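One structure below.
Every read-out reported here was derived from the displayed coordinates using simple, explicitly stated rules and does not represent laboratory data. Since the model is a prediction, treat every value here as computed from it, not as a measurement. Note: ideal-geometry Cβ built from the backbone for every residue, glycine included; neighbour counts use all protein chains shown.
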Amino acid sequence: MNKKATRNNNYKQNEQALYLAFELGATKWELAFSVGLGQKPRRRSIEARDLDSLQSEIMSAKRRFNLCEDTIVKSCYEAGRDGFWLHRCLTSLRIENVIVDSSSIEVNRRKRRAKTDRIDVEKLLVLLMRYYNGENRVWSIVRVPSPEEEDRRQFHRELRSIKKEKTRTTNRIKGLLANQGIRLRGRMDLSDNKLNAIRLWNGVPLKDALKDRLKREWEHCLFLNNQIAELQSSRRRQLKEKKEPDLKKIEQLNKLKGIGPESSWVIVRELFGWRKFSNRREVASLTGLTPTPYDSGDTKWEQGISKAGNRHVRAIAIEMAWCWVRHQPKSKLTRWFMKRFYIAGKRARKVGIVAVARRLMIDLWRFLECGVIPEGAQLKAHT
């Protein structure tokens, strides 16, 4: 009996297209055009954000390669400072564009390698053509949110930035006072009466220039406190009104013990509110909490987590994991952590909490999508 090998003969047949790669700079954009692998690229340079020149160069490239005016254009550029506006602009011009994760682009592994805009844009162009020829894993593609979904991220990112600025300001105040041998106890208060009452080691008051600087720093700290209070009040009001479609997911997460409004707000608006996942591996990968083993020959060791994906989610996931261990002691995840890592020492607990964060994000995804409560987890009492 003759046995025939089973193969997939549905090879991808690419239609004629013009391929375009961007190397985006602050003042100049490098463009590279081609119609297929092996074709010498056509390189051009235009002023940054000059969309009229871009369309003119596209039409010139079509004439150069003897293409019809309605030939489809496929383009790419690296994710970075320019964000998603260019992708939306290209899409409106009926150009098939992809945004590429810069860290996923293959590079020469020599100790020293040449790097120029010309080399980079030509490399992107080759990878673009390989991608559309069926090599889906040649790089990682960035998912583009809608303008409304992108705008919802601004709130919590602003709040986090202001909190970091407040921490820097208070640390600066403490450093200025410590430089004079002074340490404040209790809650920080540098109102005029408190500031005038501070004395140095010999009973002498603070010098005028230092006192004026501390006063300005304290006024800045009060200003930041007011901004934080306004943003938190706005968040409570939005949760109460529930006008946005993803606020129901935030409310659902808040039902679990150990998860507060800030953490649920961040992971829903950054991740679960608009992204669709097929499996748990995609969830863990996007948070950057997946392990990266090195296994080659006789050499085997763990390089740590990948730290790819959304850094905002990854930071809040670690915080949520510590809260989960504290407030959900009867959950399966906490019992696993206590048994395997807690008694092994401080360093082991830091390693284990990352694994808890990864599993917790997967459990929360299942909770939001399917309503499956994490095993052993408790809900908050109704108030």
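Structural remarks
- Over the range 247-370, Cα pairs under 8 Å with separation of 6+ residues give a relative contact order of 27 percent.
- Crossing angle, helix 311-327 versus the chain [Cα axis fit, 0-90 degrees, rounded to tens]: 50 degrees
- Sorting the segments 190-201, 154-165, 23-34 by their mean number of nearby beta carbons within 10 angstrom, highest to lowest, gives 23-34, 154-165, 190-201.
- The range 18-57 and the range 178-227: distance between their alpha carbon centers, rounded to Å: 56 Å
- Reach of LYS240 by Cα under 12 Å, taken over aspartates and glutamates that are not fewer than 8 positions away in the same chain: GLU251
- In degrees, nearest ten, helix 346-370 long axis to first principal axis of the chain (Cα): 60 degrees
- Pairs from LYS307/LYS350; LYS307/LYS346; LYS164/LYS249; LYS249/LYS350; LYS174/LYS211; LYS28/LYS62 whose Cα-Cα separation, in the structure shown, is over 18 Å: LYS307/LYS346; LYS164/LYS249; LYS249/LYS350; LYS28/LYS62
- Comparing mean-square fluctuations of ALA229, ALA355, ALA21 from a GNM of the chain with C-alpha springs under 10 Å, the top value falls on ALA229.
- Taking only the Cα atoms of the range 1-155, the radius of gyration and Dmax are 17.6, 68 Å.
- For the range 151-241: span of alpha carbons on each principal axis (Å, largest first): 57, 21, 20
- Principal-axis tilt of helix 117-132 within the chain, Cα atoms, nearest 10 degrees: 70 degrees
- The chain: calculated mean residue ellipticity at 222 nm from DSSP helix runs of at least 4, using -39500 (n - 2.57): -15000 deg cm²/dmol
- Check: the range 247-370 dipole with +1 on Lys, Arg Cβ and -1 on Asp, Glu Cβ, in debye: 420 debye
- Assigned charges on the beta-carbon of Lys, Arg, Asp, Glu; the chain dipole about Cα centre (debye): 1920 debye
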